[in-house]
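Enquirer: Quick one: the structure is below, and I'll ask about it shortly.
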Amino acid sequence: MPKIFTDPRLIAEVLERGVENVYPSKDAFAQALKSGKQLTIYNGIDPTGQLHLGHGVILLKLRQLQQLGHKIILLIGDFTGMIGDPTDKLATRKPLTKAQVLANAKGYQQLIGKILDPKKTEFRYNSEWWGKIKADKFLELASELSAARIWERDMFQERLKQGKEVRLHELLYPLLQGYDSVAMDVDVEIGGNDQTVNMLVGREMMKNRNKEKYVLTCKLLVDPTGKKMGKTEGNFVALEDAPDEMYGKVMSWPDTLIPLAFELITVMPLPEVVQIKNELVAGKNPKIAKMLLAYKLVELYHGKAAAISAEEHFKKVFERKEMPAEIPEVTTLAKTLLDALVDCKLAESKSEARRLIAQGGVKVNGAVVKDEQYEVPNHATIQKGKRFFVCVKRG
């Protein structure tokens with residue numbers, strides 16, 4: 001039998017650090033953690049894109065519980081991922097094929113293994129049961145949920161106000177996620193606060209089977225406006241980002257995000273996190289704290305040597321205004337700056353490239369260029385913003 005640790009200090013951190021809510025209550029979950037019984041705890045990830053720091057928040061909470069000796073299941077939603085979770089979406093998500101979902105999931109285990117102990121983490125796929133359930137069983141499960149409760153969700157009501165469609169499969173998504181708890185017979189589900197409804201559906205379905213299921217929701221890593229970190233805003237940090245890129249993105253975050261980020265995405269002891277928060281409130285230079293945050297994040301996902309290197313790279317390029325020591329070389333047939341930005345993947349589309357050029361966000365050999373038809377010389381260095389460089393080589 002595995003040894004279960006019941007240290008009150010460790011349990012208190014599980015219940016407090018980065019936690020938004022616990023159902024039915026923190027006290028009830030604390031008693032379960034103090035009981036000495038091994039709990040089966042899971043988090044589900046639909047492989048609809050890259051793993052990012054939002055996933056990292058959950059993984060760190062799972063690690064705390066894994067270190068207490070509890071069983072951790074990482075569920076890859078290869079079935080639900082083809083449908084797409086509608087949570088917080090004001091438009092129907094485009095369904096993914098099985099091949100797309102599996103392609104997205106490739107490499108998840110390796111990235112997750114940077115936080116969780118791979119030898120003590122069970123990976124499962126929900127097609128294991130959803131791929132076998134027949135229509136009569138599905139209808140029986142659907143009878144457990146109230147349609148009115150699902151319709152009340154804010155995102156669906158907002159879509160209706162805007163005259164947008166809500167597809168039937170989106171209404172059924174909470175049922176699909178909820179039954180995952182039943183299929184695996186878990187004791188606890190952990191997820192972001194935006195997943196509360198889906199996770200509570202699973203709790204309700206477990207109660208229908210005379211079993212308590214605890215639900216722990218984590219705070220979301222959001223910017224000062226309350227928006228989740230996203231690719232559009234340029235502050236999205238993927239767990240597979242290179243050390244220099246990860247460090248640089250954190251340095252571009254608003255100062256007001258730093259205290260929350262220390263709590264959610266680092267493993268620094270809570271007393272140190274509280275001290276940093278107090279220093280920031282007192283007016284201490286936020287850049288120093290931000291550099292520490294960036295260092296700790298890179299160290300967590302890439303190791304100490306990479307963190308030291310990333311910090312030096314940042315100082316060299318952005319404080320001393322030097323060119324980076326290594327600039328990736330890209331072979332291209334594109335001649336104009338507009339085409340080169342897209343071909344070198346510095347812009348996702350020509351419209352984005354035009355915007356970058358017009359705003360003065362593109363340099364060639366250190367000089368700002370605002371002519372999209374500018375012919376880029378062979379072996380020229382193109383710089384987008386502050387962090388992204390490529391050396392162009394004619395194909």
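Enquirer: Looking at region 223-245, can you tell me whether even one residue there is among the aromatic types (F, W, Y), closer than 30 Å to F318 by Cβ and without any contact (Cβ under 8 Å) to a residue 40 or more places away in the chain? Walk me through it before giving the result.
Expert: Step one: list which residues in region 223-245 are among the aromatic types (F, W, Y), which gives 236.
Filter again for closer than 30 Å to F318 by Cβ, leaving 236.
Checking the rest, the ones that are also without any contact (Cβ under 8 Å) to a residue 40 or more places away in the chain come to none.
No: zero hits.
Let's see how each residue does on (1) acidic (D, E); (2) touching a Pro at 6+ places or on another chain (Cβ under 7 Å); (3) under 25 Å from L260 (Cβ atoms):
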| residue | (1), (2), (3) |
| --- | --- |
| L280 | no, yes, yes |
| K284 | no, no, yes |
| H313 | no, yes, no |
| E326 | yes, no, no |
| E329 | yes, no, no |
| D343 | yes, no, no |
| S349 | no, no, no |
| V369 | no, no, no |
| R387 | no, no, yes |
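Enquirer: Taking the stated definitions as given, is H52 modelled with pLDDT under 95 and touching a strand residue (DSSP E or B) at 6+ places or on another chain (Cβ under 7 Å)?
Expert: The answer is yes for H52.
Enquirer: Now for a separate question. Looking at region 277-294, can you tell me whether even one residue there is under 19 Å from the mean Cα position of the chain (by Cα) and surrounded by 13 or more Cβ atoms within 10 Å (Cβ to Cβ)? Break it down into steps so the answer makes sense when it comes.
Expert: Restricting attention to region 277-294, the residues satisfying the condition of being under 19 Å from the mean Cα position of the chain (by Cα) are 293-294.
Those left that are additionally surrounded by 13 or more Cβ atoms within 10 Å (Cβ to Cβ): 293-294.
Yes: region 277-294 contains one or more residues that are under 19 Å from the mean Cα position of the chain (by Cα) and surrounded by 13 or more Cβ atoms within 10 Å (Cβ to Cβ).
Enquirer: Return the residues of region 1-51 that are touching a Gly at 6+ places or on another chain (Cβ under 9 Å) and under 28 Å from E240 (Cα atoms); say none if nothing qualifies.
Expert: Residues satisfying the conditions are E20, N43, G44, I45, D46, P47, T48, L51.
Enquirer: Cβ-Cβ distance below 7 Å, separation of 6 or more or different chains: which pairs start in region 198-216 with a residue that is under 25 Å from V57 (Cβ atoms) and of a type in the set (G, A, S) and end on one that is modelled with pLDDT of 95 or more and not in a helix (DSSP H, G or I)?
Expert: G202/E189; G202/K213
Enquirer: Of all residues being among the acidic types (D, E) and in a loop (DSSP other than H, G, I, E, B) in region 1-58, which is nearest to I72 (Cα to Cα)? Just the residue, please. Steps first, answer last, please.
Expert: Filtering region 1-58 down to residues among the acidic types (D, E) leaves 7, 13, 16, 20, 27, 46.
Right, trim to in a loop (DSSP other than H, G, I, E, B) and you get 7, 46.
Details: D7: 19, D46: 17 Å.
Of everything passing the filter in region 1-58, D46 is nearest to I72 (Cα to Cα).
Enquirer: Considering each of A325, A334, A306, A353 in turn, give the residue that is in a loop (DSSP other than H, G, I, E, B) and either in contact with a strand residue (DSSP E or B) (Cβ under 9 Å, 6 or more places away or on another chain) or at pLDDT 85 or above (or both). Walk me through how you get there before you give the answer.
Expert: Values: A325 fails: either in contact with a strand residue (DSSP E or B) (Cβ under 9 Å, 6 or more places away or on another chain) or at pLDDT 85 or above (or both); A306 fails: in a loop (DSSP other than H, G, I, E, B); A353 fails: in a loop (DSSP other than H, G, I, E, B).
From the options A325, A334, A306, A353, the qualifying one is A334.
Enquirer: Pull out all pairs, ordered by first then second residue, where Cβ-Cβ is under 6 Å, the residues are six or more apart or on different chains, the first lies in region 266-278 and is more than 21 Å from K304 (Cα to Cα), and the second is basic (K, R) and part of a helix (DSSP H, G or I).
Expert: Between residues of region 266-278 that are more than 21 Å from K304 (Cα to Cα) and residues that are basic (K, R) and part of a helix (DSSP H, G or I), there is no close pair.
Enquirer: Out of the residues in region 1-39 that are of a type in the set (K, R) and in contact (Cβ under 8 Å) with a residue 24 or more places away in the chain, which is surrounded by the fewest Cβ atoms within 10 Å (Cβ to Cβ)?
Expert: Here is the first cut: in region 1-39, the residues of a type in the set (K, R) are 3, 9, 17, 26, 34, 37.
Then drop every residue that is not in contact (Cβ under 8 Å) with a residue 24 or more places away in the chain, which leaves 3, 17, 34, 37.
On the way: K3: 8, R17: 17, K34: 13, K37: 10.
By that ranking, first place goes to K3.
Enquirer: May I pose another question? Please identify the pairs in which a residue from region 112-131 that is of a type in the set (S, T, Y) has its Cβ atom under 7 Å from the Cβ atom of a residue that is surrounded by 14 or more Cβ atoms within 10 Å (Cβ to Cβ) and in a strand (DSSP E or B), counting only partners at least 6 apart or on another chain.
Expert: Close Cβ pairs satisfying both conditions: T121/I72; T121/L74; Y125/I76.
Enquirer: Okay, next question. Give the residue, chosen from K61, K94, K89, K119, that is surrounded by fewer than 19 Cβ atoms within 10 Å (Cβ to Cβ), among the charged types (D, E, K, R) and either modelled with pLDDT of 85 or more or part of a helix (DSSP H, G or I) (or both).
Expert: Values: K61 fails: surrounded by fewer than 19 Cβ atoms within 10 Å (Cβ to Cβ); K94 fails: either modelled with pLDDT of 85 or more or part of a helix (DSSP H, G or I) (or both); K89 fails: either modelled with pLDDT of 85 or more or part of a helix (DSSP H, G or I) (or both).
From the options K61, K94, K89, K119, the qualifying one is K119.
The values are calculated or read from the model by the stated rules, or taken from the named source; none is laboratory data. In this text the structure is predicted, and so the values were computed from the model without any measurement. As a convention, Cβ positions derive from the backbone with ideal geometry for all residues, glycine included, and neighbour counts pool all protein chains shown.
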